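K.L.:
To start, I am sharing the structure in question, which I have written as structure tokens.
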């Protein structure tokens, strides 16, 4: 929801504002005394505050300065909280639209007319808006060695500009915004808070998103010792970001990656995957080639096949017998030609060798005898046939000689 900033109607406004501030200052000690003591919230009790009164407070505990948030958003109660457990949410109710300069010249320099700003209750006097202030009511002047509490802003992070200011008198405008802290400047600036003080600055943001504002509170003890406390306050502006998803304080986005990164470093140990390179040890597959010699011992069992060559001795006893044996001798020659092809296909792999083994048992002796001998057997199939024909001619010659001798007689 956008609200239009109501322009100041007269230069008398500063007097009214001053009177209100003086009234608050006068009532502050009495109210402080009347309120019940604040509760101490345990560390880690996180809250999102989007409306009501609260203070960024300094207090002295056992001679040490502590920066705390005094949460008074629930009327009648107060809670001391660690700033790192608090998330402020300037929700859409805090949004105003910059009017034309003729209407409200005080906002010149904070954006063009029609642009949006997100502000605290000091701009829109309406209930339910955030009203963050300063509080040193728990620090007495006698507890310090002169001076008050100094607030520095060493780091301001966010998507846009963050400004802390005060209403100031102006001779021409009647009233203007005096800027004390501005994230757009190289040195944002700081605030000096007197002891035992309660005041409210103007809070202004010009963009939605998450801001992290680091504050360093410091003071000097009567002994001259410097004491300080440094905390980061997280602020969500607008409704672009769900506050429940934002870590308060500095946030855990920084530390969390450091935990995963060690886990990433072990992953290089996964580069042990080069141990997969031993898979070339699967090259023992050449040992499967050693399996190919194994058929050679089985070939020795085929030794009887050479005995087929002495079969020509049968023609000596009977002429027709040699004719029968030559018909058997061609068979080994065909088997020898078959052996040449299996020996070439044998490297194809062990599975086919097992079925072909019974076929190669007879010719394998040729391979066992040597590659050259196998080549001669396969290249000259006419050699056994010539021997058989010669035997037939010899037998016929014997028959003719016997008949001639009988004729002569």
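The values are calculated or read from the model by the stated rules, or taken from the named source; none is laboratory data. Please read these numbers as outputs of a predicted model, since none were measured by experiment. All Cβ positions, glycine included, derive from the backbone under ideal geometry; neighbour counts span all protein chains shown.
K.L.:
Looking at the structure I just gave you, is residue 127 in contact with a strand residue (DSSP E or B) (Cβ under 7 Å, 6 or more places away or on another chain) and in the same structural domain as residue 222 (by TED's automatic domain parsing)?
P.N.:
Spelling it out, it is not the case that residue 127 is in contact with a strand residue (DSSP E or B) (Cβ under 7 Å, 6 or more places away or on another chain) and in the same structural domain as residue 222 (by TED's automatic domain parsing).
K.L.:
Is there a residue being modelled with pLDDT of 95 or more and part of a strand (DSSP E or B) anywhere in the stretch 243-252?
P.N.:
No: the stretch 243-252 contains no residue that is modelled with pLDDT of 95 or more and part of a strand (DSSP E or B).
K.L.:
Among 151, 179, which is the only one that is free of Cβ contacts under 8 Å to residues at least 24 places away in the same chain and buried (at least 17 other Cβ atoms within 10 Å of the Cβ)?
P.N.:
So the residue among 151, 179 that is free of Cβ contacts under 8 Å to residues at least 24 places away in the same chain and buried (at least 17 other Cβ atoms within 10 Å of the Cβ) is 179.
K.L.:
Taking the options 36, 75, 42, name whichever one is at pLDDT 95 or above, in the same structural domain as residue 139 (by TED's automatic domain parsing) and loosely packed, with under 12 Cβ neighbours inside 10 Å.
P.N.:
The conditions single out 42.
K.L.:
Name the residues in the stretch 188-232 that are touching a strand residue (DSSP E or B) at 6+ places or on another chain (Cβ under 9 Å) and not in a strand (DSSP E or B), would you?
P.N.:
188, 189, 194, 195, 196, 197, 200, 201, 206, 207, 208, 221
K.L.:
What do you reckon, is residue 28 in contact with a strand residue (DSSP E or B) (Cβ under 6 Å, 6 or more places away or on another chain), assigned to a helix (DSSP H, G or I), surrounded by fewer than 18 Cβ atoms within 10 Å (Cβ to Cβ) and at pLDDT below 95?
P.N.:
It is true that residue 28 is in contact with a strand residue (DSSP E or B) (Cβ under 6 Å, 6 or more places away or on another chain), assigned to a helix (DSSP H, G or I), surrounded by fewer than 18 Cβ atoms within 10 Å (Cβ to Cβ) and at pLDDT below 95.
K.L.:
Can you say whether residue 178 is assigned to a loop (DSSP other than H, G, I, E, B) and out of contact with any helix residue (DSSP H, G or I) (no Cβ under 6 Å at 6 or more places or on another chain), as far as the supplied structure shows?
P.N.:
Taking the combined requirement at face value, the residue does not satisfy it.
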